[in-house]
Structures are given as structure tokens and as C-alpha cells.
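S.K.: This is the structure, below, for whatever I ask next.
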Amino acid sequence: MRILGIDPGTGILGFGLIDYQKDNLKLVDAGVIRTPVHHPDADRLLIIYEELKQLIKEHSPDVMSVEKLFFAQNVTTAMTVAQARGVVLLIAMQHKLDLHEFTPLQIKQAITGYGRADKSQMQEMVKVLLKLKSKPKPDDAADALAAAICCSMTIR
């Protein structure tokens, strides 16, 4: 089963693709989709849509795992991330992907066993679970891989 993990964002959207079979995880691809900072939101969302569409066409995932929003302070950031999440959810439905959503706490709990783990702990566990030589970079790609791994742990 191929799982596409997404760490939503408008400026930087992280993605991570893993193959999961009988408790075996394998990295397929990971990276980020970047959009130009000073472009209108609609243009940035279209870039995200087109890039995700290409990624799905290229890798044919079965499942999409998306991090749910959790913001305590910055409403403006929450709004733009929510828009990007909307594009992600739409494309998942258009491609008939089995969609799973997880809070950051759920992802951290699944990956490290501790819901308040920091970025470094998360990256180290993603490295270990995927048998990588180094921690995945950038942070957004590592977070997306963590979302995909979390999903693999819940659909066993």
C-alpha cells in the first residue's frame, strides 16, 4: 500500500510517500511544494493543486494522510493553511484516495510514543522507522512522512 502524507501549508507544503507492507515501511519520495510569497492566494493554491495532481499521477498512492490544523494564536496563518488543506482534501477526493486525518498530537504519539515530542525527536524517529541514513529534511517533508507513518500504524 502506498501512503501519501501531507503537512499542509500555503508557502511550503510538505509531502512524503511511503510504501507499507506487513509492518515494513519504505521511503518512496519526500519533499516540499513551494509557492511564491507575494503572489495572490488563488495563484498559490493553484500551484499546490497542480503539483499535487502531478505527484499523484506519478506515484499512484492508495491512501492520503493529512495533518489536521491546530493553531492557538495566529489566525491569519490558520486561514491560509486551511485554504491549502481544502485543496489537499479536494484532490484526495477527486482521485478517490482513502483519506485519513490526524492531529499533531496523534502523529507525535504514534511516532514517538509521546504526544509532546519536539521536531528533533520526530525527525529521529522518522529516520529510524524508515531506516534512513540521516534525518529527513526539510522539516515540512519530515512532518509529512510522520503523517504517512502514523497512518500506516492505524490501518494495519
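S.K.: Taking Cα atoms, how many degrees apart are the long axis of helix 139-154 and the longest axis of the chain, rounded to 10 and kept between 0 and 90?
M.R.: Tilt relative to the chain: about 60 degrees.
S.K.: Still on this model: Going highest first, how would you order 128-136, 116-124 by mean Cβ packing within 10 Å?
M.R.: By packing density, highest mean first, the sequence is 116-124, 128-136.
S.K.: Can you tell me the order of 39-45, 64-70, 8-14, 81-87 when each peptide is scored by its average per-residue count of other Cβ atoms within 10 angstrom, highest first?
M.R.: Listed from highest to lowest mean packing, they are 8-14, 64-70, 81-87, 39-45.
S.K.: Could you estimate the translational diffusion coefficient of segment 28-78 from the Stokes-Einstein equation, with Rh from the Kirkwood formula over C-alpha pairs, at 25 °C and 0.890 mPa s, in whole µm²/s?
M.R.: After rounding, the answer is 185 µm²/s.
S.K.: Which percentage, to the nearest 5, of the DSSP beta bridges contained in segment 2-154 is antiparallel?
M.R.: 65 percent
S.K.: Would you please state which residues of segment 30-67 a label at residue 95 would reach in this model, taking the label point 7 Å out along Cα→Cβ and a backbone N cut-off of under 12 Å?
M.R.: 49-65
S.K.: Can you give me the three principal axis dimensions of segment 11-55 from its C-alpha atoms, in Å, biggest first?
M.R.: If we take the Cα atoms of segment 11-55, the spans are 44, 16, 11 Å.
S.K.: Quick one: Debye curve from the alpha-carbon atoms of segment 77-128 only, equal weights, vacuum; give me log10 I(q)/I(0) at q = 0.23 Å⁻¹ to two decimals.
M.R.: For segment 77-128, the Cα-only Debye profile gives -0.89.
S.K.: Beyond 23 Å, how much of the Cα-Cα pair distribution for the chain remains, as a whole percent?
M.R.: Considering the chain, 31 percent of its Cα-Cα pairs are separated by more than 23 Å.
FYI, it's all coordinate maths here, none of it is from the lab. Remember, it's a predicted structure, so these values are computed and weren't measured experimentally. Don't worry about glycine lacking a Cβ; one is built from the backbone with ideal geometry, like all the others, and counts go over all protein chains shown.
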